[in-house]
1. Residue pairs, Cβ under 8 Å, 6 or more apart or interchain, first in the range 50-64 and farther than 23 Å from A78 by Cβ, second in a loop (DSSP other than H, G, I, E, B). List them.
2. Which of the residues that make up the range 32-46 are at positive phi and surrounded by 12 or more Cβ atoms within 10 Å (Cβ to Cβ)?
3. Would you check which residues across the range 47-76 are within 30 Å of T26 (Cα to Cα), loosely packed, with under 12 Cβ neighbours inside 10 Å and touching a strand residue (DSSP E or B) at 6+ places or on another chain (Cβ under 8 Å) and list them?
4. Do any strands (runs of 3 or more DSSP E) entirely within the chain hold 1 or more residues that are modelled with pLDDT of 95 or more and over 14 Å from the mean Cα position of the chain (by Cα), and if so, which?
5. Here are the criteria: (1) loosely packed, with under 10 Cβ neighbours inside 10 Å; (2) out of contact with any Lys or Arg (no Cβ under 9 Å at 6 or more places or on another chain). Tell me which single one T26 does not satisfy.
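The values are calculated or read from the model by the stated rules, or taken from the named source; none is laboratory data. Remember, predicted model here, so these are calculated numbers, not experimental data. Backbone-built Cβ (ideal geometry, glycine too); neighbour counts: all protein chains shown.
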Amino acid sequence: MGVRAWWASSLISLSPSLSLQAIQATLDLVQEQLETGKKVTMTNFGVFSVRDVPARNGRNPATGEALQIPAKRMPHFAFAAKLKEGVAAKT
């Protein structure tokens, strides 16, 4: 079951198994939206989005051979100000 399901079930009135299902459904939804290029905003938590990383030149560290690293799409997360402030206040 894991800590996340136990922790979530202690915060809301759901069993650990239902909590785990809710967490997994949320994560699946975020992934599906990102795969279609959409942003996902979680108020007071942050924004998940996709960024295009351009192709670039690189080098094989083992051989030193130059190579072209292809362009790709990468998931990105921008923290909400409230989350940043909350973490900073705990240090």
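1. Hits for this filter: A55/P70; A55/A71; R59/E65.
2. Selection gives G46 alone.
3. Start the filter on the range 47-76 by keeping residues that are within 30 Å of T26 (Cα to Cα), which leaves 47-54, 71-76.
Keeping just the survivors that are loosely packed, with under 12 Cβ neighbours inside 10 Å gives 51-52, 54, 71-72, 74.
Correct list: R51, D52, A71, K72, M74.
4. The strands (runs of 3 or more DSSP E) meeting that bar are 46-53, 56-59, 66-69, 72-79.
5. For T26, the failing item is (1).
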